[in-house]
Amino acid sequence: MLQLTLVGVVFLVFTFGTIMIWPMSSRSRWNPSGRHCYITGGSSGLGLALAILFTKRGADVSIVARNKENLDKALAQLEASRVNPNQILRAYSYSLGTLGGATDALEAACVPHGGQTPDAVFLCAGKATPGFFIEQTEESLRKGMDDTYWLAAQSAMAASKRMVRTHTEGKIVFVSSVLGYFGLIGYSTYSPGKHAIRGLAETLRQELLLYSIDVQIYMPVTMYSPGYDEENKTKPELVLKIEESDGGLTPEKAAEGLYKGVQKGDFHITDTFVANLFRASTRGSSPFGSSVLKDVFFGIIAMIGLTMWRKDVDKQVKGHREAHAEYLESKNTFAPK
Ligand SMILES: NC(=O)C1=CN([C@@H]2O[C@H](COP(=O)(O)OP(=O)(O)OC[C@H]3O[C@@H](n4cnc5c(N)ncnc54)[C@H](OP(=O)(O)O)[C@@H]3O)[C@@H](O)[C@H]2O)C=CC1
Ligand SMILES: CCCCCCCCCCCCCCCC(=O)[C@@H](N)CO
């Protein structure tokens, strides 16, 4: 009886696996050549690496960020990477945290394209400011959402409205983090916003089917970017030590992983073993990755591996109680300010 059930389960897994892999292999791959790619956060780290990658593949590229000097430097790098004289490469300085800012930036980027809406929008802008929860303020907690969710959501809304209005069957790619799948000590101002980005992407993946707009979301591990150096300035040592086990990526490697996932049409784009484990084990009703069998495998490894890892992290945190108490004491945390 048991053997029969096992044979049945294996048969089902293989049949479903084959059915679900079949259409993916024949799907045509997305090609940036000749398309207009709009990249928020395109002056640094992942966004810049992605902008260079698309430029090298013949795309028109618009990058948006606030700091003009960094934008100029980034644009010079794009110019140096152009592969034909007709490519339109531009940089725009806007603050993207409001719908007004996001809309103005997008409108400006459409001008050199005769008012046409970008074919693809990559929402890379974002920032982490790690620290202990009890050291946060009302403002810093709100800023955490500004620097993650609101940055992504306002540009997503501006882009969705414009794509629908202009009948553009475009693509919107969100950038969350593996911390959009789980929480880690020190990330109370960041992880919630990255989860929220996932929530928005899950909703829009379905809703924007109404307009044939593709929605995808990238879930990277650590990336050794300027943003990473910046966040390490406030990151508690213990957090740095714990997260070192994720084996980080250069922004260039991450941009390649994102690009491959976009080409394959994955909804959740994960390009590392660790991210695959979290994706497969927190999938819910999200579409499977390119292979159902692989996801079942990752799910099983995750059940065991991530449980062991989490227990070890909990232990490290508890082991830090005394040192942490001394730290709070030394900072006079609860003294009236
Ligand atoms: N680095 C990491 O370890 C990881 C990062 N991520 C996420 O990946 C994305 C890229 O990260 P990373 O490459 O490290 O980022 P960087 O900090 O290197 O670059 C961030 C970019 O976003 C822009 N930006 C930030 N705030 C705003 C704003 N309010 N309006 C307009 N532009 C803004 C910055 O320019 P300017 O400041 O001039 O506006 C810059 O171009 C982020 O969303 C980040 O949260 C996810 C996982 C790991
Ligand atoms: C067999 C099982 C092994 C499991 C190992 C799991 C290791 C996970 C480490 C946590 C990584 C946190 C990355 C944060 C990225 C990020 O978003 C910030 N840098 C903000 O920018």
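At-a-glance table
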read-out	value
Residue 245, sole failed condition from (1) polar (S, T, N, Q); (2) part of a helix (DSSP H, G or I); (3) more than 9 Å from ligand 2 (Cβ to nearest atom)	(3)
Hits in segment 164-181 (condition: without any contact (Cβ under 8 Å) to a residue 60 or more places away in the chain and either open to solvent by less than 10 Å² (accessible area, probe 1.4 Å) or within 16 Å of ligand 2 (Cβ to nearest atom) (or both))	170, 172, 174, 176, 177, 179, 180
Cβ-Cβ under 6 Å pairs, at least 6 apart or on other chains, segment 307-331 side in contact (Cβ under 8 Å) with a residue 60 or more places away in the chain, far side assigned to a loop (DSSP other than H, G, I, E, B)	317/185
Options 254, 325, 280, 275: the member that is within 14 Å of residue 219 (Cβ to Cβ), among the aliphatic types (A, V, I, L, M), assigned to a helix (DSSP H, G or I) and more than 16 Å from ligand 1 (Cβ to nearest atom)	280
Tally of residues being away from ligand 2 (no atom under 15 Å from the Cβ), part of a loop (DSSP other than H, G, I, E, B) and touching a residue at least 60 places away in the same chain (Cβ under 8 Å) across segment 123-146	1
Subset of segment 59-76 (residues that are among the hydrophobic types (A, V, I, L, M, F, W, C), touching a Phe, Trp or Tyr at 6+ places or on another chain (Cβ under 8 Å) and surrounded by fewer than 18 Cβ atoms within 10 Å (Cβ to Cβ))	none
Any chance residue 333 is within 23 Å of residue 128 (Cα to Cα), in contact with an Asp or Glu (Cβ under 8 Å, 6 or more places away or on another chain), open to solvent by less than 60 Å² (accessible area, probe 1.4 Å) and within 16 Å of ligand 2 (Cβ to nearest atom)	no
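The values are calculated or read from the model by the stated rules, or taken from the named source; none is laboratory data. The shown structure was predicted, so the numbers you read here are calculated from the model rather than taken from an experiment. Counting neighbours? That spans all protein chains shown, and the Cβs are built from the backbone with ideal geometry, glycine included. Note: areas computed on protein heavy atoms with side chains; ligands, DNA, RNA excluded. Shrake-Rupley method; radii C 1.70, N 1.55, O 1.52, S 1.80 Å.
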